[in-house]
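The structure under discussion appears below in the form of structure tokens.
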Amino acid sequence: MDLTRYVDELQHQLGTAAAAGGDEARELAARLSAPLDAAARLVLLEALSDAAGEISAELAPGSVDVRLRGGAPEFVVSAPAVPAAPVATFAPPAEAASAPSAAADVEGAATTRTTLRLPDHLKTQAEEAAARDGVSVNTWLVRAVAAALEQPSGRPSAPSPQQRATGRVTGWVR
């Protein structure tokens, strides 16, 4: 990935802004352009590295790394190994098994980006549940929404007195 286009655009924007300030501002902008080049490249690399880290967190156990080759960043994607056979950790109730599941269609369906704001404690619990199930947080949330929508009322069923007493919640993995 060539960062030159982005750095040049930043320098152009600096020059445009300086033009409004007169000749002194234009000269100052011209003198700042050379050191700005290195700083802008460093900031862009930092942003790309942060983005790769966020993507890797969602792809776990796969990953995305940013490497420099000849001064240009390069993305390296490491796909997770495909398991030989799926492992089920929970069998759905008999009535749920007989009906076609909406969750089965989730993986191949078109997707839409949605921003979800969670309290920190719920985010932590979702991350722990996803890790336990060996899936990304996104996959875990999609499955949770699909399971909630399969309930007759459109809401998840209330926990049984035994679940409330133990604080334990069970789920399913496809």
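The values are calculated or read from the model by the stated rules, or taken from the named source; none is laboratory data. Since this is a predicted model, take the numbers as computed values, not measurements. Cβ placement follows ideal geometry from the backbone for every residue including glycine, while neighbour counts extend to all protein chains displayed.
A few points about this structure:
- Contact map, region 1-24: first residue assigned to a helix (DSSP H, G or I), second residue surrounded by 14 or more Cβ atoms within 10 Å (Cβ to Cβ) and among the small types (Gly, Ala, Ser), Cβ cut-off under 6 Å, separation 6 or more or different chains; pairs are Val7/Ala40; Leu10/Ala40; Gln11/Ser33; Leu14/Ala29; Gly15/Ala29; Ala18/Ala25; Ala18/Ala29.
- Residue within region 157-174 that is out of contact with any Lys or Arg (no Cβ under 6 Å at 6 or more places or on another chain), closer than 28 Å to Ser56 by Cβ, modelled with pLDDT under 55 and not in a loop (DSSP other than H, G, I, E, B) present: no
- Failed item, numbered, when Ala104 is tested on (1) part of a loop (DSSP other than H, G, I, E, B); (2) modelled with pLDDT under 75: (1)
- The residues in region 130-141 that are part of a helix (DSSP H, G or I) and either more than 18 Å from Ala60 (Cβ to Cβ) or touching an Asp or Glu at 6+ places or on another chain (Cβ under 9 Å) (or both) can be counted, and the count is 4.
Let's see how each residue does on (1) at pLDDT below 85; (2) loosely packed, with under 12 Cβ neighbours inside 10 Å; (3) in contact with a Gly (Cβ under 7 Å, 6 or more places away or on another chain); (4) under 30 Å from Ala147 (Cα atoms):
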{"site": "Ser33", "(1), (2), (3), (4)": "yes, no, no, no"}
{"site": "Leu44", "(1), (2), (3), (4)": "no, no, no, no"}
{"site": "Ser63", "(1), (2), (3), (4)": "yes, no, no, yes"}
{"site": "Val66", "(1), (2), (3), (4)": "yes, no, no, no"}
{"site": "Gly71", "(1), (2), (3), (4)": "yes, yes, no, no"}
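- Ala40 being in contact with a Phe, Trp or Tyr (Cβ under 9 Å, 6 or more places away or on another chain) and either surrounded by fewer than 13 Cβ atoms within 10 Å (Cβ to Cβ) or farther than 20 Å from Ala130 by Cβ (or both): yes
- Every pair of residues 6+ apart whose Cβ atoms lie under 9 Å, when the first sits in region 41-59 and is in contact (Cβ under 8 Å) with a residue 40 or more places away in the chain while the second is surrounded by fewer than 14 Cβ atoms within 10 Å (Cβ to Cβ) and among the small types (Gly, Ala, Ser): Leu59/Ser78; Leu59/Ala79
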